[in-house]
Ligand code: UDX
């Protein structure tokens, strides 16, 4: 099939490349000419494992092309995929201006009947609005081509995007007739061994599924984060609780890791957007409002552990920070908890020495004006003379760190682990004050914070 993908962001570029890999003729288009120039040289605009290799492979096989000429992209394909950004407005609602501007331009350049597939994450009803815009422009031009609208949300995870796209656990497709369903079935057949993994639904349900899935995952994380705070005070261990919960097949083991709170380009934005969609129709999504609130609190809760350890005196302290990206395997800093933490450390007068395996370039752009932030390639160098180490992203290299070297480099042997990558017993044996998430607090905090005694918990039943 001849497919044009409009938008070479995360979703557009990964999807376009994967469709080319499966033998389609794909033209990826973007109004950013510099980005297209780089893509033509095989350079991806962001880091994603394996992506550049796959781009080069498919470009050399002449199945994957790039253009800044939107008209060419719209005229030359049978199927147009809209994969432009849908950022949050200030009030949390979804900014659909890029999607609608692509719809206008499809209307202007359409030269035959076409399938228009919306891949961007959009609120319920957007596909319908896209069709209306295209048809209005077609009418104004006095032409009458058929527009077959499809909703086909993308569920790829950054850092595992190729795997998610090439071997999807499920594909959600919203269609309105059998003919389009057949076309989409043929398109996705090479991606799945079993076609029952392709779920055909109506367009509204497809649009909603994307938000619902992300909102559910965010809910699991916030639930575990909130529970972790109770574990800290009662002496339970959130990692063991997680293990026990995850063994129940009705719950499952995934997305139950307590930490510093979720970040990234999807969860924060999509949770807000779903809350806003509900408000627009006079409803409140109370659970999701709490999910968002707990996430904000979790960043602050972790910060407070550091602040409490130093008895509120962060002024003049140097904090080594391991990890800036919102999660491992990506250089993405969007809504990264590390940035929020850095902001707080600076506000309270501390200096930050941060290291990340691949997010430094982006971090330099964002933080270059901050004289009290230093960025390091080597995560050991970031430790020199620091008062404490704070771990924010669970990069595998941090897990394998030489802890004796860590101890020797730090001024105080204290680690705040926001991702629970080490075992408290081992860390304490090595002589660290080790303060993690959802476990009995490390030595330093125990001195200051009373852990609840079983008696305190049971007293109310005895009295
Ligand atoms: C997410 C969805 O997983 C994906 O399906 C959707 O298309 C886009 O949004 P992504 O943002 O790439 O993908 O990252 P993901 O791996 O889902 O993690 C999101 C955030 O949740 C990260 O900040 C991560 O650290 C956090 N997280 C994840 C936890 O805190 N605990 C967990 O158990 C899992």
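The values are calculated or read from the model by the stated rules, or taken from the named source; none is laboratory data. Because the structure is predicted, anything quoted here is derived from the model rather than measured. All Cβ positions, glycine included, derive from the backbone under ideal geometry; neighbour counts span all protein chains shown.
Out of the residues in region 87-104 meeting the condition of being buried (at least 21 other Cβ atoms within 10 Å of the Cβ) and without any contact (Cβ under 8 Å) to a residue 40 or more places away in the chain, tell me which one is nearest to the chain's Cα centre (by Cα). Step through it out loud before you land on a result.
Of all residues in region 87-104, those buried (at least 21 other Cβ atoms within 10 Å of the Cβ) come to 94, 99, 102-103.
If we keep only those that are without any contact (Cβ under 8 Å) to a residue 40 or more places away in the chain too, we end up with 99, 103.
Details: 99: 20, 103: 26 Å.
Looking at residues that are buried (at least 21 other Cβ atoms within 10 Å of the Cβ) and without any contact (Cβ under 8 Å) to a residue 40 or more places away in the chain, I get 99.
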So in region 159-180, with the set limited to residues that are within 16 Å of the ligand (Cβ to nearest atom) and in a helix (DSSP H, G or I), which one is farthest from the chain's Cα centre (by Cα)? 166
In this structure, is residue 288 modelled with pLDDT of 95 or more, part of a helix (DSSP H, G or I) and away from the ligand (no atom under 13 Å from the Cβ)? yes
What number of residues within region 342-361 are under 17 Å from residue 296 (Cα atoms) and in contact with a strand residue (DSSP E or B) (Cβ under 7 Å, 6 or more places away or on another chain)? 2
From 59, 103, grab the single residue that is closer than 22 Å to residue 150 by Cβ and part of a helix (DSSP H, G or I). 103
Test: residue 188 is more than 18 Å from residue 6 (Cα to Cα) and in contact with a strand residue (DSSP E or B) (Cβ under 9 Å, 6 or more places away or on another chain): yes
Among residues belonging to region 395-420 that are within 16 Å of the ligand (Cβ to nearest atom) and surrounded by fewer than 20 Cβ atoms within 10 Å (Cβ to Cβ), point out the one that is nearest to residue 330 (Cα to Cα). 396
Output the residues belonging to region 382-394 that are part of a loop (DSSP other than H, G, I, E, B) and within 15 Å of the ligand (Cβ to nearest atom). 392, 393, 394
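Residues checked against (1) surrounded by 16 or more Cβ atoms within 10 Å (Cβ to Cβ); (2) not in a helix (DSSP H, G or I):
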site	(1), (2)
127	yes, no
154	yes, yes
182	no, no
187	yes, no
193	no, yes
218	yes, no
Single match in 42, 23 (criterion: closer than 25 Å to residue 171 by Cβ, part of a loop (DSSP other than H, G, I, E, B) and assigned by TED's automatic domain parsing to the domain that holds residue 118): 23
Considering only residues that are under 14 Å from residue 323 (Cα atoms) and in contact (Cβ under 8 Å) with a residue 60 or more places away in the chain, which ones fall in region 358-387? 358, 382, 383
Which residue pairs have Cβ atoms closer than 6 Å, lie 6 or more positions apart in sequence or on different chains, and pair a first residue in region 250-263 that is farther than 10 Å from residue 221 by Cα with a second residue that is within 6 Å of the ligand (Cβ to nearest atom)? 263/326
Does at least one position in region 327-349 carry a residue that is more than 24 Å from the chain's Cα centre (by Cα) and either within 12 Å of the ligand (Cβ to nearest atom) or not in a helix (DSSP H, G or I) (or both)? yes
Output the residues belonging to region 315-356 that are over 18 Å from residue 417 (Cα atoms) and touching a helix residue (DSSP H, G or I) at 6+ places or on another chain (Cβ under 6 Å). 331, 333, 335
Meets criteria (out of contact with any helix residue (DSSP H, G or I) (no Cβ under 6 Å at 6 or more places or on another chain), within 15 Å of the ligand (Cβ to nearest atom) and not in a loop (DSSP other than H, G, I, E, B)) for residue 269: yes
